[in-house]
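Take a look at the structure set out below.
The values are calculated or read from the model by the stated rules, or taken from the named source; none is laboratory data. Everything numeric in this text was worked out from a predicted model, so none of it was measured. We place every Cβ from the backbone using ideal geometry, glycine too, and count neighbours over all the protein chains shown.
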Amino acid sequence: MIEQLLNHRDSIPYALAIGAIVLAMTLGYMLGDKDPATLCAPHIVEVEQLTEKLSDLNEKLTKCQSTGVGQAAVECQTVCASQVEKALATHKDIVCSD
């Protein structure tokens, strides 16, 4: 085969091109073959941090919602008491008028 390449000068550029392609593929594989954990480590850390932040924010939201509901119940207590008084007075008027 080498004798053919040397005797036929037209084949030398093709052989060089094929050799360059094989060399490029080999170097590409050797330089590109990396552990996925190494490549993904920053993203994994970021996901963990965002998960913790989400958990903290959900906790704060739940706390704020429960505080809001408790505050609303305290604020509504006076309104409820006045409505109960009116309802009892109306009921007393209805029952006693008969």
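May I ask you to verify whether Ala72 is assigned to a helix (DSSP H, G or I), at pLDDT below 85 and under 50 Å from the mean Cα position of the chain (by Cα)?
Details: assigned to a helix (DSSP H, G or I): yes; at pLDDT below 85: yes; under 50 Å from the mean Cα position of the chain (by Cα): yes.
Yes; evaluated as a whole, the condition is true for this residue.
What pairs come out if I take residues in region 83-97 that are in a helix (DSSP H, G or I) and pair them with residues that are aromatic (Phe, Trp, Tyr) and exposed (fewer than 10 other Cβ atoms within 10 Å of the Cβ) whose C-beta lies under 7 Å away, six or more apart or interchain?
Pairs found: none.
Is there any pair with a first residue in region 1-19 that is surrounded by 10 or more Cβ atoms within 10 Å (Cβ to Cβ) and a second that is at pLDDT 70 or above and not β-branched (Val, Ile, Thr) whose Cβ atoms are under 8 Å apart and which are 6 or more apart or on different chains, and what are they?
Pairs that qualify, where the first residue is surrounded by 10 or more Cβ atoms within 10 Å (Cβ to Cβ) and the partner is at pLDDT 70 or above and not β-branched (Val, Ile, Thr), are Leu5/Ser11; Leu5/Ala15.
Specify which of the listed residues (Ala15, Ala41) is at pLDDT 80 or above, of a type outside the set (Phe, Trp, Tyr) and within 33 Å of the chain's Cα centre (by Cα). Let's see the steps before the verdict.
On the way: Ala15 fails: within 33 Å of the chain's Cα centre (by Cα).
Just one listed residue meets the conditions, Ala41.
Among the residues that make up region 22-33, is at least one of them of a type in the set (Gly, Ala, Ser), surrounded by 10 or more Cβ atoms within 10 Å (Cβ to Cβ), out of contact with any Pro (no Cβ under 6 Å at 6 or more places or on another chain) and modelled with pLDDT under 90? Before the answer, list the steps.
Within region 22-33, the first condition is being of a type in the set (Gly, Ala, Ser), and the residues that meet it are 24, 28, 32.
With the extra rule that they be surrounded by 10 or more Cβ atoms within 10 Å (Cβ to Cβ), the set shrinks to 24, 28.
When the remaining residues are screened for being out of contact with any Pro (no Cβ under 6 Å at 6 or more places or on another chain), the result is 24, 28.
Imposing the further condition that a residue be modelled with pLDDT under 90 reduces the set to 28.
The answer is yes; a qualifying residue exists.
Within region 41-62, is even one residue in contact with a helix residue (DSSP H, G or I) (Cβ under 9 Å, 6 or more places away or on another chain) and free of Cβ contacts under 8 Å to residues at least 12 places away in the same chain? So that I can check it myself, show each step before the final result.
Filtering region 41-62 for residues in contact with a helix residue (DSSP H, G or I) (Cβ under 9 Å, 6 or more places away or on another chain) gives 44.
When the remaining residues are screened for being free of Cβ contacts under 8 Å to residues at least 12 places away in the same chain, the result is 44.
Yes: region 41-62 contains one or more residues that are in contact with a helix residue (DSSP H, G or I) (Cβ under 9 Å, 6 or more places away or on another chain) and free of Cβ contacts under 8 Å to residues at least 12 places away in the same chain.
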